[in-house]
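A.B. asks: Below you will find the structure I want to go over with you.
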Amino acid sequence: NAELVSHPSGWDEGTGVARLPEIGMKHWRRTGAERVRKAFDDALAVNECQSCPFLWRCYIAFELARARYASARRLYFRAVYKCPWSKEVWMDAFRCFTEGAPSGLRRLFHDHELDDIQKAMEDRGLCLREELNNDGEETEH
């Protein structure tokens, strides 16, 4: 959808999905980081996109890849507020940032904060079925 990419203000029937090609093309380039952030922010300003866990997790991963840890942490809390039903978003607090889990935020939280997050998950019915390993993944007993 090259027309939408070349016209950053363009939208596909009012959704932020039109922004994903632009975000993907710029994601790993050193230049254009502010433009990518603006594309994410514009997409998340659309009501239909605010409850999209994938979009939030991509934005968090982008900020982590750029070592913008405070921003990634703020985005995490916005994401759980907008997607309280998404266990994947909640679990990112327990995951380590790796190639396999690019949105892992584990090192940005203290243990007492993770305890609070786990309690908030339980309060919302998002219980852990198993113990967490050191990488934040659920493991069988």
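A.B. asks: Inspect the range 87-99 for any residue being of a type in the set (K, R) and under 24 Å from A43 (Cα atoms) and give the result as yes or no. Lay out the reasoning, then the answer.
C.D. replies: Of the range 87-99, the ones of a type in the set (K, R) are 87, 95.
This time we only want the ones that are under 24 Å from A43 (Cα atoms), so: 87.
Yes; the residues of the range 87-99 include at least one that is of a type in the set (K, R) and under 24 Å from A43 (Cα atoms).
A.B. asks: Spot the failing condition for Y69; the list is (1) open to solvent by less than 70 Å² (accessible area, probe 1.4 Å); (2) touching a helix residue (DSSP H, G or I) at 6+ places or on another chain (Cβ under 6 Å); (3) at pLDDT 90 or above, and only one is missed.
C.D. replies: (1)
A.B. asks: Moving to a separate point now. Go through (1) over 22 Å from R95 (Cβ atoms); (2) at pLDDT 50 or above; (3) open to solvent by 20 Å² or more (accessible area, probe 1.4 Å) and name the single condition M25 misses.
C.D. replies: (2)
A.B. asks: Hey, another quick one. In the range 95-118, which residues are at pLDDT below 90 and surrounded by 14 or more Cβ atoms within 10 Å (Cβ to Cβ)?
C.D. replies: R95, C96, F97, A101, P102, S103, G104
The values are calculated or read from the model by the stated rules, or taken from the named source; none is laboratory data. Keep in mind the model is a prediction, meaning the values are calculated, not measured. So basically every Cβ, Gly included, is an ideal-geometry build from the backbone, and we count neighbours across all protein chains shown. Each accessible area value is taken on the protein alone, full model and side chains, heavy atoms only, with ligands, DNA and RNA left out. Shrake-Rupley method; radii C 1.70, N 1.55, O 1.52, S 1.80 Å.
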